[in-house]
Structure formats: structure tokens, C-alpha cells
1. Based on Cβ point charges of +1 for Lys and Arg and -1 for Asp and Glu, what charge dipole magnitude is obtained for segment 428-485 about its Cα centre, in debye rounded to the nearest 20?
2. Any idea what the alpha-carbon Rg over 2.2 N^0.38 Å comes to for segment 314-554?
3. List the relative contact order of segment 357-500 as a percent without decimals, with contacts defined as Cα pairs under 8 Å and 6+ residues apart.
4. How do 309-321, 167-179 rank on mean C-beta neighbours within 10 Å, highest first?
5. With just the Cα atoms of segment 479-555, tell me how far they stretch along each of the three principal axes, in Å, largest first.
6. Can you pull out the chymotrypsin sites (Phe, Trp or Tyr not before Pro) in segment 422-484 that DSSP calls coil and that have at most 16 other Cβ atoms within 10 Å?
7. Output the pairs from LYS165/LYS443; LYS477/LYS509; LYS357/LYS459; LYS361/LYS477; LYS437/LYS509 with a Cα-Cα distance over 27 Å in this structure; if there are none, say none.
8. Could you list which residues have their amide H under 5 Å from that of TRP461, counting only those 5 or more apart in sequence or on another chain, with H placed in the peptide plane?
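Each reported figure results from applying straightforward, stated rules to the coordinates on display, with no laboratory input. As the structure is a computational prediction, the values presented were derived from the model and not from experiment. We place every Cβ from the backbone using ideal geometry, glycine too, and count neighbours over all the protein chains shown.
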Amino acid sequence: MKCNNCGAEISDEARFCEKCGAPVSSDAASIPAAGEAIPAPKPLEQPLSAGAVPFVPMAPAPRAMPRSMRAPRPYEPRPGFSPAQPGTSKPKRASSLADLAAQVPPAPDPELPREQREDEAALATDQATWDKYPAANAGSGLSSPEDEAREARRREREEEQRRRKEAKERREQAKREERERREAERAAAAAERAAAAEADRRAAEQALEPSAEEPPAPADPDATTQFRIPSAQEAPMAVPARPGVSRRAIVAIAAAVVIAIVGVVAVGAMSRPGQAPVDAPGQSEPKDDSANAGSNPTDSGNDADDSVAVKSSVEDYSWDELSELSAQIAAADSDSAAMEIAKKHNLCTASGKLDGKQTKKLQLSDGKTVTMRIVGFRQDDRADGSGKAGITMISEDAAATRYVSQAGSYSGWEGSELRTWMNDTLLSELPDEVSSKVVEVSKKTVGYGSTTATSVTDKLWVPSFSEVVGKLTAGMKRAESYVPEGDQYQLFSDEGVKWGGTYSILGTKGSDAYWWLRSIDPLNAQYYLCVSESGEPWYSHLPATEHAILIGFCL
């Protein structure tokens with residue numbers, strides 16, 4: 001049979017042409033021509049019986065279309081679409097029983113307890129999953145920014161503790177080496193003194209030992225009579241024995257005198273520094289006291305000691321020189337005389353003011369450098385009652401970040417954790433040339449719920465509220481309840497600092513943080529007063545908050 005559409009040979013049982021796809025029908029008139037619409041089905045004249053299916057004409061099958069090969073597109077991963085990211089590959093499908101067995105994790109040892117076998121199986125499965133998709137699991141351990149910041153602070157604290165521990169060990173090692181060196185020097189000096197004493201004793205014995213044979217006296221041509229030396233044939237004359245002390249007794253007396261002299265010299269050498277040497281009898285000379293007048297900086301007098309050369313700035317002085325100038329200022333007859341010493345050595349301006357430029361760098365043992373500035377002269381009392389400390393200094397930037405009390409207790413400065421940490425840990429981080437020059441002073445403090453100020457002795461401290469802002473006026477809400485803890489320092493007074501303003505001299509340099517004062521807020525004793533990073537001295541925060549710590553000490 002042939003197709004009515006294309007004329008191709010088709011089988012008798014075919015319903016569609018295998019070449020063109022046209023339906024096969026014996027009625028050629030029922031086949032629509034090309035381009036004509038398929039006529040709508042005619043309604044049935046008789047209703048269908050139960051279970052019969054109406055005949056619906058079908059549209060002609062689509063024409064066959066030629067297919068051509070298409071080049072594959074490159075793989076472009078989309079974020080979040082698939083766990084497989086660039087650089088990773090999905091596991092290959094097992095092609096044999098050996099490959100399938102290699103992908104199965106090994107079975108746990110049956111000899112192990114049941115719980116351990118289950119744990120090992122779970123670990124093996126987790127490890128296999130991790131090995132398959134390493135890039136997908138790479139970010140699974142990331143935490144929130146708050147956790148990362150907290151972890152960073154924890155690592156910083158651990159690193160800081162490690163540096164402090166290493167610095168402390170280095171200082172202890174240096175001290176041990178210094179003690180060993182001094183002991184070795186003392187032993188060597190003692191050995192040298194003993195050797196010198198032995199040599200002197202032997203020299204004294206040899207000097208007192210008479211020679212076995214005296215050399216003959218030279219002939220004097222001017223002498224009228226020469227003594228005749230007896231010849232060997234002549235009989236020797238009998239020499240009478242010399243009366244007095246024997247030779248052995250003289251040697252013993254000389255040895256005793258030498259030993260006594262060596263002992264006196266040794267005692268003088270081992271005496272403490274500054275002790276006047278012991279003069280030998282008969283060798284004392286009158287001392288000229290006028291040559292040493294004024295050499296002691298603690299001596300009273302209006303004339304300052306010129307032993308420290310004048311330099312252009314505070315930074316140019318060494319810590320030893322600043323300590324000596326502080327002693328001279330403390331020993332002056334009056335505040336005006338002390339200020340003349342400060343102006344002469346450029347420790348303040350020419351008019352006697354402080355403007356915050358009188359600074360000197362201080363490097364701690366952990367490598368951090370802070371800038372110390374002079375804030376006052378003769379303003380703090382020495383703890384030993386010997387008078388005023390000459391120079392007071394406070395850092396202008398943070399030496400560390402610390403809390404007043406980690407437990408949140410409100411005991412005041414006297415019982416705070418910050419005070420213990422500063423006079424123990426922080427003091428040990430100062431270089432020896434500074435820590436040896438820091439003097440202990442009395443600082444006023446008000447405890448929790450107290451209405452009076454008491455004194456404590458400290459080497460390192462943070463300033464109080466009154467030492468920064470001075471006297472409080474009636475317009476401040478804390479004026480009636482606050483108890484002053486010291487007078488305002490000259491630097492803050494010269495800069496016009498008061499309780500109700502913002503001052504750049506109080507802002508922390510090089511850090512963006514509040515800094516602690518040692519005063520409790522009188523309006524709420526559960527808070528401590530602090531200064532903002534921009535220089536506003538009226539804030540108060542909880543004691544467990546970490547803020548900057550400014551070092552204060554006196555020379």
C-alpha cells in the first residue's frame with residue numbers, strides 16, 4: 001500500500017506513513033489538503049453505550065527533524081547551587097566490586113566494646129564525607145563576628161600573659177646572673193686581698209731576715225786608717241751576742257702588723273657605698289667642707305645644684321637626671337624656688353606653666369611604648385613622711401586595658417583588683433632605671449559607702465576625679481556628696497579643666513577608649529568614674545568593664 005500524501009510504500013497494517021508521518025486512510029477525501037484546517041468532529045447521532053469511548057481525531061504527528069551534534073558548554077558553578085565547588089570533584093561511581101569495597105569504611109574491630117565500635121564507625125563515615133567535599137565543609141567552622149572578636153581578645157590576653165611571663169623570667173634570669181657575677185667578683189677580690197697579704201707578709205719576713213754574710217765596705221781613699229780583714233790563717237775573733245729581741249720574735253711582730261693593716265683595708269673596701277674611708281693614724285688632713293657644699297640635693301638652700309646639665313626638653317634627660325632634678329625641686333626652700341629650678345632646666349614653660357608638651361617616652365618590658373608627661377611639682381606627699389615628691393608624671397596614652405574589679409565588687413581604690421595589679425604586675429614591667437627611681441607616695445581614697453577620705457601608699461596609681469577636675473561647684477549634681485581625693489594637678493589647672501566640659505588634654509592619644517579614675521561615683525557607689533576618649537570627665541561605668549589604664553607615678 002502507498003501513502004496518499006507522499007506515495008511511499010507502507011505496510012497494510014500501518015496507521016501512519018513512516019516517511020512523512022501522515023495518517024493512512026482508505027478514504028482520500030477525509031484527508032485534509034496541505035494548509036487546510038482539520039475539520040471539527042461531528043456529534044454522534046446516537047448516545048454512547050456504557051463504557052464506550054468517543055473517537056477524537058488526532059493531529060498529525062510532527063515531521064521528523066534532522067539532528068546535529070552540539071559542542072558542550074563549559075561548567076559554570078553557581079554559588080549555593082551544589083556542594084561541589086571549583087577545585088573539588090564528586091566521588092566516582094564504582095565500576096567494580098573492588099572500587100565499591102574501597103569506598104566502604106572498614107568495619108570496627110569486633111573485640112572492642114560496642115560503644116567504641118559505634119564511635120569509630122561514625123568517625124570513619126564523617127571523615128569519608130569530609131574528604132569527598134572539602135570545599136563545601138571549609139566554612140562550616142566559622143562563627144559569628146562576636147565570637148571571632150571574643151576569640152581574638154582571648155588570644156590577645158593569652159599572648160599578653162605569655163609576654164609578661166617571659167619578661168618576668170628574663171628579669172629573674174638577669175638578676176640571678178647579676179648576683180652570680182657579684183659573688184664571683186667578691187670571691188676574686190677576696191682572693192686577691194689574701195694573695196696580697198701573703199705577699200706583704202713574705203716581703204716583711206725577707207726584709208727583717210739578716211743576710212748570712214755582709215758585703216765588704218768599699219775602700220775609702222780619704223780614710224787615714226783601713227780596717228784589716230783577717231785572713232783565713234788568723235784566728236777568728238769571738239763576737240759577743242747582741243742583747244735584746246731575737247730575730248724570730250721580730251719576724252712574728254712584723255707579720256702581725258701586716259695582717260692588721262690588711263684587715264683594716266678589707267673592712268674599708270667592704271663598707272657600704274658612701275661611707276667615709278678610715279684614715280690611718282697620723283695621716284688625717286683637714287677637710288674642705290666648702291667644696292662639698294650643695295652636692296647633696298636634699299640639702300636646703302636657694303641655689304640649685306648644677307650637677308645636671310641644662311637640656312632643651314624633658315625627653316633629652318635620662319631617668320637618673322630627672323630623678324636628681326626631682327630631688328632638688330623637693331628640697332627647695334619654697335614653691336617659687338622649686339619653680340625656678342624647673343624653669344631653668346626646661347621642665348615647664350618660661351612662664352612656669354605646663355601645657356602637656358613636657359613628655360618623655362617609656363618602654364615597657366612587653367615592647368609597648370607610652371608617653372609620660374609632667375603634671376605637677378611638689379604636689380604628692382612621700383609615704384615615708386620625708387616631705388614632698390618633686391615631680392609627678394601621668395601617661396597620656398594607655399599602658400594597658402583593664403577592669404577595676406572583674407568580679408564587679410565596689411570596695412573603692414584601696415581594695416580594688418586594679419590597684420593590686422598595677423603595684424605588682426605592671427610595676428614589674430617598668431625598666432629597672434625607672435622602677436628604681438619611683439618613690440612611694442600617699443594617695444587619698446574613699447571606700448564603698450564612706451564619707452571620709454583615707455590614705456594608702458602606692459608606687460603606681462590612676463588619678464582621682466578631684467585631681468583631674470579640681471573643686472566642684474554647686475551646679476554639679478555630685479558636688480554635695482563627693483569627697484575630694486587630692487588637689488588638682490598643675491597641668492589640668494593650667495589647661496582650665498573643669499567638671500562640665502570637653503578637653504583635648506584629657507583625650508587618650510593613640511587609642512579610642514575610656515580611661516579609669518580611682519573614684520567611686522557618689523551618686524551610685526556601684527559605679528566608678530571614668531573619662532571618655534574625647535576628654536569628658538563625668539562618666540561612670542561598672543567596675544567589670546575594661547577601659548584604658550593611664551600610669552601615674554612620682555620621681
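1. Details: 7 positive and 8 negative charges, 77 e Å.
With only Lys, Arg, Asp and Glu charged at Cβ, the dipole is about 380 debye.
2. 0.96
3. With pairs under 8 Å counted, the relative contact order is 20 percent.
4. Descending mean neighbour count gives 309-321, 167-179.
5. 30, 29, 27
6. Of the chymotrypsin sites (Phe, Trp or Tyr not before Pro), the ones in loops of segment 422-484 whose Cβ has at most 16 other Cβ atoms within 10 Å are TYR448.
7. LYS165/LYS443; LYS477/LYS509; LYS361/LYS477, as the Cα separations exceed 27 Å there.
8. Answer set, sorted by chain and number: GLY552.
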